[in-house]
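Please treat every number below as a calculation from the coordinates, not as lab data. Everything numeric in this text was worked out from a predicted model, so none of it was measured. Every residue, glycine as well, gets a Cβ built from its backbone with ideal geometry; the counts of neighbours run over all protein chains shown.
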Amino acid sequence: MQSRRQLYPTFVAAAVIAGTLLAVVLAMSAGPAGAHRPDPASRLQCSGDRFIATRVTHDNVTKEARTPEQLADSWAAAMTAQRKAFQPAGRVNAFTAADVRDVVFVNDAKRVISVLSYERDADLGWRIESIVECA
Amino acid sequence: MTMRKVFRIALVAALVAVGSAAVLTATPASAHTVGNHFTRGRWPANVTIQYGLNTGFPTGAWRSQAYAGKEQWNNATSSGEPTILWTLADDVNHGTAGSPCGISGFNTGALFWNNLDYLGSGTLGATRLCVGSAIFNFTIEFDSTRSNWYNGTGDNPDSNADFWSTATHEFGHAVGFWEHIAESDGACPNDGTRATMCPSIYNGTERQRTVAPHDIHTYDGAY
């Protein structure tokens, strides 16, 4: 029978390998947004303490051919018509991954006033999931 | 080091890793926590929320099914949860869907019937919250351009989009249930047990008209 001292290196080696395997499994099981995508609301630079959150619901069959940038411009045009306080001066891709995109609009002072979050479905294309913006 | 020892190390390591991963990545059916789903705040405790229908909202069954959708959440109410009442004026200008903070006074909302192409193809509805220290107001808009809405209460024929299901889902967002239950979650199967707050609403079904146990326990946990 092996002594405890002889078995110690075996346990250490097993623990190291197990930790490595566990890290790989956990990394692979992370969501599509990845671990480094910040909460969109944390990007907002509003002058007031209120903001607007929007959640969009889709059907399960309609395909979207537009890019996130095209969709964002379409949204911005509609918001400009609906809310006079919304005056975007520029659009920036704030986060980009294979199937995830966060697009922000900034005002004249370069402050972020809205964040649009998109996710890409393999069959249906890019879809807006949520929006946060200054009220 | 002998081959036998190497094999023993690898076996122990694999067992430990697999066991740990199973524990850490498991999503039990009851894991729809408030922190994961009510990410944009909550309404004040026991608040009464009043809403009305904006100019242009269609009449008849559309209004009945919108009412039925909000009733799902009223019926699920336990202590502290909001109550939604259809008591604001209808067929008047409540403002715009894009400006929920502009609805009259706190704890109010409005329903709109708009072209939602600006939110993308396939959009059924959208809900907005005006948020500060709590949720103050909401708007819901439904797509007015869709040709395949089904606004009845029977079996949804063919591949139509079910308006009642959409209304229940949007009112879920309006009460603060903000993040969808993940499509990969066990609560979102493609069958009759699918929870209302799963991401997509499947055409040709009516399964999301009524709130499911996973919707309710998450909602009850938030208030």
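For the stretch A:74-135, averaging the sequence separation of C-alpha pairs within contact (under 8 Å, six or more residues apart) and dividing by the residue count gives a relative contact order of 21 percent. Peptide packing for B:214-220, A:76-82 was compared via the average number of neighbouring C-beta atoms within 10 Å per residue; ordered from the highest value, the list is B:214-220, A:76-82. Only Cα sites of chain B enter the Debye sum here, all with the same form factor; the resulting log10 I(q)/I(0) across q = 0.12, 0.15 1/Å is -0.64, -0.95, listed in q order. Mean projected area of the convex hull spanned by the Cα atoms of the stretch B:142-181, taken over all viewing directions: 3.5 nm².
When Rg is the radius of gyration of the Cα atoms in the stretch A:40-134 and Rh is its Kirkwood radius, what does Rg/Rh come to?
0.97
For the stretch A:88-104, backbone phi angles converted through the Karplus equation (6.51, -1.76, 1.60; θ = phi - 60°) give residue-by-residue couplings of x, 10, x, 10, 9, 7, 8, 8, 9, 9, 4, 10, 9, 8, 10, 10, 10 Hz, Gly and Pro being listed as x. Based on Cα atoms of the stretch B:75-205, Rg over Rh with Rh as the Kirkwood radius reads 0.96.
How much net charge surrounds A:G48 when only other residues with a Cβ under 14 Å from its Cβ are counted (Lys, Arg +1; Asp, Glu -1)? Each step should come with its number before you reach the end.
Values: positive: A:R50, A:R83, A:R111; negative: A:D49, A:E133.
Net charge in that neighbourhood comes out at +1.
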